[in-house]
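The values are calculated or read from the model by the stated rules, or taken from the named source; none is laboratory data. Keep in mind that this is a model prediction, so the values were computed, not measured. We place every Cβ from the backbone using ideal geometry, glycine too, and count neighbours over all the protein chains shown.
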Amino acid sequence: MKCKWGGEMKNLWLGKVAGHITVKIEGKGLERLINKLIREKVRIWNVKRHNEELITFQMFIKDVTYLREAVHYHRVKVRFIKKAGLPFYIKRMKKNTGFFIGAVIAMAMILILSNMIWDIQIKGASPEVEYKINNQLKQLGVKKGNLQFLIDDPLTLQRKLSRMNEDITWIGVELKGTTYHFQVVEKEQPEEQEKQGPQHIIAKKEAVIVDYFVEKGQPVISVHDFVKPGQLLVSGIIGKEDEPEYVSAKGEILGKTWYDTKVEVQLQNEFELLTGKEMKKTGIKIGDYSIPIWGLKKEQYKKEQIESDETYLKFFKWSLPIAFVKTTIREVETHEKTYTEKEAEKLALSIAKKDLVKSIPKDAQIVGEKVLHQKVENGKLKLLISYDVVENIAKAVPIHPKEKKKEKTNIPN
């Protein structure tokens with residue numbers, strides 16, 4: 001026997017969670033009792049007749065008062081054989097409060113300890129550099145006892161440490177469990193030059209001699225001379241013809257060399273700029289679901305740049321599918337810039353010069369530039385530029401001990 005009223009009970013499951021009981025009734029006139037409950041709009045379900053004088057059903061705990069009133073008018077026995085729902089669950093939990101609180105505290109402690117920094121190891125650094133990096137790490141929050149998810153990710157730490165240390169070629173950052181590992185590669189200091197044997201100085205590229213400074217050896221060139229690659233500049237054989245002396249020729253030979261550079265510039269450019277406006281959000285990511293915690297503003301930018309940093313919680317050595325997510329949303333504006341041919345030429349010359357500076361020796365000097373070819377094609381300005389550069393063209397080559405005084409002025413590489 002089943003009872004329905006008012007169509008389907010849309011929120012039946014909510015009522016069950018709020019608390020419901022299974023009722024067992026014995027006696028005569030059970031149908032009249034059930035009908036009275038229905039007239040009082042008491043919701044009952046799973047009504048089952050077991051025999052002529054025994055019936056069971058389920059009802060909400062909030063309606064027990066109506067049941068007690070109905071029982072006064074009928075000769076029946078009522079027993080509650082099963083209780084379910086949140087109120088009864090909480091009541092049972094209260095009996096085990098100590099155990100429950102202890103379990104929660106233990107889990108919380110394990111999570112905290114698993115996500116704490118327990119050790120920091122720095123390898124490959126000298127004692128001075130290691131001491132310096134340790135102090136920098138403390139400034140960045142990387143120290144024993146701090147929580148990992150409150151600190152920058154390893155890649156960000158690597159970038160910051162690289163900017164802070166010019167005497168370091170490279171620094172690697174790796175997080176293994178609860179230990180941060182830092183691998184440092186310091187810049188090599190110039191080694192003391194070994195004592196060199198007898199040698200000549202020759203030209204390493206085509207040039208016009210501008211100036212020279214000879215420390216040892218016999219110069220065989222003059223200012224304004226044009227030299228080719230491999231040509232002798234300073235001889236390492238000095239002294240009398242019948243008693244030659246072999247020395248290690250040393251000196252700096254400054255020659256004017258030439259570099260040709262091609263460069264292209266778009267006459268119409270589109271570029272993006274940050275406006276300075278930004279929003280920061282913090283949330284928890286559980287699996288594929290995100291729960292916002294901080295920064296709940298729903299302001300939208302027309303164009304934006306999003307940067308996210310995820311730090312996963314750990315349980316001992318395992319990573320849990322739970323992460324703290326820090327998100328930065330920056331407003332971006334798109335701008336268009338149209339250059340005249342003259343403006344584009346100026347920009348192209350600037351770009352070409354910067355590129356050239358990167359490719360020539362640090363002590364070289366650019367002394368002249370000349371545009372060899374210029375044209376506009378497919379919305380681009382194309383330039384071919386020649387640069388005059390003064391640089392040291394000296395190259396040392398060894399002398400064979402048996403070499404005679406009469407040297408050729410062009411020695412092969």
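Given the criterion surrounded by fewer than 16 Cβ atoms within 10 Å (Cβ to Cβ), of a type outside the set (S, T, N, Q), over 30 Å from residue 320 (Cα atoms) and modelled with pLDDT of 85 or more, identify the matching residue among 77, 138, 144, 95. When all the criteria are applied, what remains is 77. Among the conditions (1) over 21 Å from residue 196 (Cβ atoms); (2) modelled with pLDDT under 90; (3) surrounded by 14 or more Cβ atoms within 10 Å (Cβ to Cβ), residue 387 misses just one, which is (2). Figure legend. Inter-residue proximity from region 370-394: first residues more than 27 Å from residue 209 (Cα to Cα), second residues of a type outside the set (Phe, Trp, Tyr) and loosely packed, with under 11 Cβ neighbours inside 10 Å, beta-carbon distance below 6 Å, spacing 6+ or different chains. Indicated pairs: 382/375. Does residue 255 meet the test of being in contact (Cβ under 8 Å) with a residue 12 or more places away in the chain and under 22 Å from residue 388 (Cβ atoms)? For residue 255, the condition - in contact (Cβ under 8 Å) with a residue 12 or more places away in the chain and under 22 Å from residue 388 (Cβ atoms) - is met.
With respect to residue 216, determine if the residue is closer than 30 Å to residue 365 by Cβ and either surrounded by 12 or more Cβ atoms within 10 Å (Cβ to Cβ) or not small (Gly, Ala, Ser) (or both). Here the answer is yes, as residue 216 does meet what is asked. Taking the condition exposed (fewer than 13 other Cβ atoms within 10 Å of the Cβ), in the same structural domain as residue 213 (by TED's automatic domain parsing) and over 21 Å from the mean Cα position of the chain (by Cα), does residue 225 pass? For residue 225, the condition - exposed (fewer than 13 other Cβ atoms within 10 Å of the Cβ), in the same structural domain as residue 213 (by TED's automatic domain parsing) and over 21 Å from the mean Cα position of the chain (by Cα) - is not met.
Across region 215-252, the number of residues qualifying as touching a Ser or Thr at 6+ places or on another chain (Cβ under 8 Å) and assigned to a loop (DSSP other than H, G, I, E, B) comes to 4. Among the residues of region 323-331, none qualifies, meaning not one is among the basic types (Lys, Arg) and over 29 Å from residue 276 (Cα atoms). Does residue 133 satisfy the condition of being farther than 23 Å from residue 314 by Cα and under 19 Å from the mean Cα position of the chain (by Cα)? No, not satisfied.
Exactly one residue among 184, 173 is within 29 Å of residue 318 (Cα to Cα), touching a Pro at 6+ places or on another chain (Cβ under 6 Å) and either modelled with pLDDT of 85 or more or surrounded by fewer than 12 Cβ atoms within 10 Å (Cβ to Cβ) (or both), and that residue is 173. With a requirement of 3 or more residues that are modelled with pLDDT under 90 and surrounded by 15 or more Cβ atoms within 10 Å (Cβ to Cβ), the strands (runs of 3 or more DSSP E) lying completely within region 253-367 that satisfy it span 268-286, 304-315, 318-338. For region 359-378, enumerate the residues that are under 37 Å from the mean Cα position of the chain (by Cα) and farther than 16 Å from residue 260 by Cβ. Scanning region 359-378 gives 361, 362, 363. Here the condition is being within 30 Å of residue 326 (Cβ to Cβ), in a loop (DSSP other than H, G, I, E, B) and either without any contact (Cβ under 8 Å) to a residue 40 or more places away in the chain or not hydroxyl-bearing (Ser, Thr, Tyr) (or both); of 174, 166, it holds for 166 alone.
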